[in-house]
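Data first, discussion second: the structure below is written as structure tokens.
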Amino acid sequence: MPLHVVDAGRSAFSEDWFRRLIDAAVDYALCLLDRDGRVLVWSPGAERMTGYAAGEIAGRIFGFADLIGSGASDALATARESGRCEIEAWLSHRGGTRFWANITITAIRDGETVIGFAQVIRDATRQKSDADQFQAVALILDLALSTMSQGLCLFDAGRKVRLINQRFFQMFAAEGRDLIGTPIEALWALAFAGPGAGVEEGAGLLAGHEALLGGGEAVVVPMPDGRAVALVRRGIPGGAFVVTFEDVTRQRQAELEVSRLAHHDALTGLANRAMLWRRLRESAADGALPAGTALLFLDLDGFKAVNDDLGHQAGDALLRQVAERLRRTLPEQGLAARFGGDEFALLLPGGAGDLAVPLAEGLLIEFAQAYEIEGERPRHVSASIGIAFAKEGTTPDAMLRQADCALYAAKGAGKAAWRLFTPEMETERSEELRIEQDLRQALAAGTLGLAYQPIIGLAHGAVTAREALLRWTHPERGPVSPRRFVPLAEKSDLIRALGFWVLERACRDAAAWPDPARVCVNVSVRQLGDGSLPRAVRDVLARTGLAPRRLELEITETVLSTATDGVADDLHLLHAMGVRISLDDFGVGFSSLSRVRAFPFDRIKLDGSFVRDAVERPDCRAIVGVVAELGRRLGIETVAEGVETPAQLAVVRQEGFTEGQGYLFGRAVQAAAAAPAGLPAGA
């Protein structure tokens, strides 16, 4: 802005005061020039800064070569034109030294006419040195940082770019741009909003990022192109600061994948137990789930047979198909999870809980469809489903227990069934868990016992075998029926331990009997299929000295419907050892004659329900006769179970059974009382 002359008569300052002002400004070179550029006034500050006295300079044209050089006339022309000109240049001191000068020339006008110029020269050598040094350090840093994997920007106290490395240009496609001196807001717009973004948009993004960067921690910023960039800001004394930019896209993806795996099942891609529990807790305001929330627990029926028969790869393929069917049928707001093995869960939040029962019924139909497994014939599995609904005050823990109880009830009801939770189920389940725990303790303490029921040869009436039956007398409950505790053991891993204990004890007892009767031991399907039973039998026979032909293992007919190749292999191994194999409870299962023929059975035991009704019902008597004939044709001995009356005995004899078992011949007695028995008098 040009200076204007004020009439001396109206001026607030006298010439004396003006002179005092000029003389006092010793840190600046002040001079007045006439309209042609000749020096009129040369201040003491100018004398000190340049080494030239006022008398040497007064009247000289401003373009004296020993001070400024040829650029002086251009500077005056610029000031005359625009009113002001500011330049920086090296000026020579009379003593031969140089100093870096900041020169400001302002036009003095009287109205519209330029009548002179005011010139101010400031010694900026120190600032120039600092700036040069700063630039030198910046160059060194740029060389050192050019190979960094991170982008880096150095900002001065005025928040402008003073240094920027090559990696930044590569990360943000800014090659060829001169960004030195760029305000931070403009740089932020370029980096995070794109080349066409304005400074205002950059300022908005910067404000949000700086709120997080203040703590000195890394802030991960999502980019429009899908990348993730980590920002870190570090302060420098004097107000400058450094910001680094690191592309952490791969690291972020790896972290997200780790997080996904932590909350999802690797095989099926469904949520896992941890994710389901997390969702339940998030849904539980003040610890209680919204009323109407539904939780379904699913357990596959028959999966173990597929897994054991075809191998784990086939089993995994089937589980992935199950997961896909769950995804297809699950409502949009629901969550499907795999708990592990063949156990799944479905969470239906809030109002979606109304869909639980229709969903369960649809899943039973969906799961009943055949599963295609590459290289194998189609396989079928079904599902048992337990459903729990949240009521007012239901906690996540309670919801999980209730769904588990309902599932337990569904499995107890048979395959392909669903059950809604009722409070009675929880009471029953708690009771069963207490029984199971007490049974484990009894097994560990050795307080279980065996009783033996005789099997009679119908041709001669002598005892040919005794069936070992497990007995348990609870210290508080008294005698507990096997029908109560054996099914509970079957549902857990306890049945294997019980089975091996019974095998050891029965062989030891039989080795001490005075007669050569066989000992019959019931075997659970859970003891078969992995080769452990043949190994255990071999070891027990070696320890007890019992002859293999005196051991008979009984498996139920229902085992045949789910038997795998592993089960058949175990039975053939046992038979090759000389151990007898019998098919128990024949007639109540679903096995076909081809399945019976495929296994090495030595005996068939007809279920007692047919024997009891054979006297009164012709159809039952016909079945008794068919089984006896089947045994004769196959060369397999037959045993009639449940013989309780002489009339029943007469029927099974007439039909051709070789052995009989039932109360008519004797009840089960403890080992010490297992003396020889026979036919009742007159039979």
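Would you please give the residues with an amide H less than 5 Å from that of H474, counting only those at least 5 places away or on a separate chain, with H modeled from the backbone geometry?
Hits under the 5 Å cutoff: V480.
On the first, second and third principal axes, largest extent first, how far apart are the outermost C-alpha atoms of segment 264-421 in Å?
Computed over the Cα atoms, the extents are 52, 31, 23 Å.
Could you give the distance between the Cα centres of segment 316-358 and segment 379-394, to the whole Å?
Their Cα centres are 10 Å away from one another.
Can you bin segment 431-569 into rounded, prolate or oblate? Criterion: square roots of the alpha carbon gyration tensor eigenvalues sorted a ≥ b ≥ c, rounded for a/c under 1.5, prolate for a/b above b/c, oblate for the rest.
oblate
R0 = 60 Å: FRET efficiency of Q654 with R252, Cβ-based, nearest 0.05?
0.15
DSSP loop GluC sites (Glu not before Pro) in segment 453-492 with at most 10 other Cβ atoms within 10 Å of their Cβ, which ones? It would help to have the intermediate numbers written out before the result.
Working: sites: E467, E476, E490; in loops: E476.
Passing sites in segment 453-492 are E476.
Segment 303-403: which GluC sites (Glu not before Pro) are DSSP loop and have at most 15 other beta-carbon atoms within 10 angstrom? Could you put the intermediate results ahead of the total?
Working: sites: E324, E332, E343, E361, E366, E372, E374, E376, E392; in loops: E332, E372, E374, E376, E392.
Here the sparse-neighbourhood loop sites are E332, E372, E374, E376, E392.
Would you mind computing, in nm to one decimal, how far apart the modelled labels at R597 and R484 are, each placed 7 Å from Cα along Cα→Cβ?
Simple spin-label model gives 4.5 nm for this pair.
In nm, give the distance between the simple-model label positions of A266 and A54, each being 7 Å from the Cα along the Cα-to-Cβ direction.
9.1 nm
Report the FRET efficiency, 1/(1 + (r/R0)^6), for T113 and R227, where r is their Cβ-Cβ distance and R0 is 45 Å, rounded to 0.05.
Efficiency for this residue pair is about 0.10.
How would the chain be classified by its alpha-carbon gyration tensor: rounded, prolate or oblate, with rounded meaning a/c under 1.5 and the a/b versus b/c comparison settling the rest?
Values: a/c = 4.94, a/b = 4.36, b/c = 1.13.
Prolate, since a/c reaches 1.5 and a/b exceeds b/c.
What is the sum of charges around W513, taking Lys and Arg as +1, Asp and Glu as -1, for the other residues whose C-beta is under 13 Å from the C-beta of W513?
Within the 13 Å Cβ shell, the charges total +2.
Sum up the lysine pairs in the chain that clear both bars: alpha-carbon distance under 23 Å and a spacing of 8 or more or different chains.
Close lysine pairs under the 23 Å cut-off: 6.
Per DSSP helix of 4 or more residues, -39500 (n - 2.57); summed, then divided by the residues of the chain. What does that give at 222 nm, rounded to the nearest 500?
So the helix-based figure for the chain works out to -13000 deg cm²/dmol.
Please work out the C-alpha center-to-center distance from segment 277-310 to segment 614-640 and express it in whole Å.
Value for the Cα centre distance between the two parts: 47 Å.
When the Kirkwood radius is taken over all Cα pairs of segment 401-500, what Stokes-Einstein diffusion coefficient follows at 20 °C and 1.002 mPa s, in µm²/s? Mind dumping the intermediate values first?
Values: Rh = 15.8 Å.
In µm²/s, the coefficient is 136.
Let me understand segment 225-273 better: what is its radius of gyration from the alpha carbons, and its Dmax, in angstrom?
17.6, 57
From the gyration tensor of the Cα coordinates in segment 163-239, what semi-axes in whole Å does the equivalent ellipsoid have, largest first, with each one equal to sqrt(5λ)?
Ellipsoid half-lengths, sorted descending, are 19, 16, 14 Å.
R0 = 51 Å: FRET efficiency of A131 with R281, Cβ-based, nearest 0.05?
Using R0 = 51 Å, I get an efficiency of 0.30.
What size of dipole, in debye to the nearest 20, comes out for the chain about its Cα centre when the only charges are +1 on Lys and Arg C-beta atoms and -1 on Asp and Glu C-beta atoms?
Values: 74 positive and 89 negative charges, 308 e Å.
Result for the chain is approximately 1480 debye, rounded to the nearest 20.
Looking only at chymotrypsin sites (Phe, Trp or Tyr not before Pro) in DSSP loops with at most 13 other Cβ atoms within 10 Å, what is the longest site-free stretch of the chain?
14-589
Measure nothing fancy, just the Cα-based angle from helix 618-634's long axis to the longest principal axis of the chain, in degrees from 0 to 90, nearest 10.
80 degrees
Every number in this text was worked out from the coordinates using simple rules, so none of it is lab data. Since the structure is predicted, the reported quantities are computational estimates derived from the model, not experimental observations. Please note: Cβ atoms are built from the backbone with ideal geometry, for glycine as well, and neighbour counts cover all protein chains shown.
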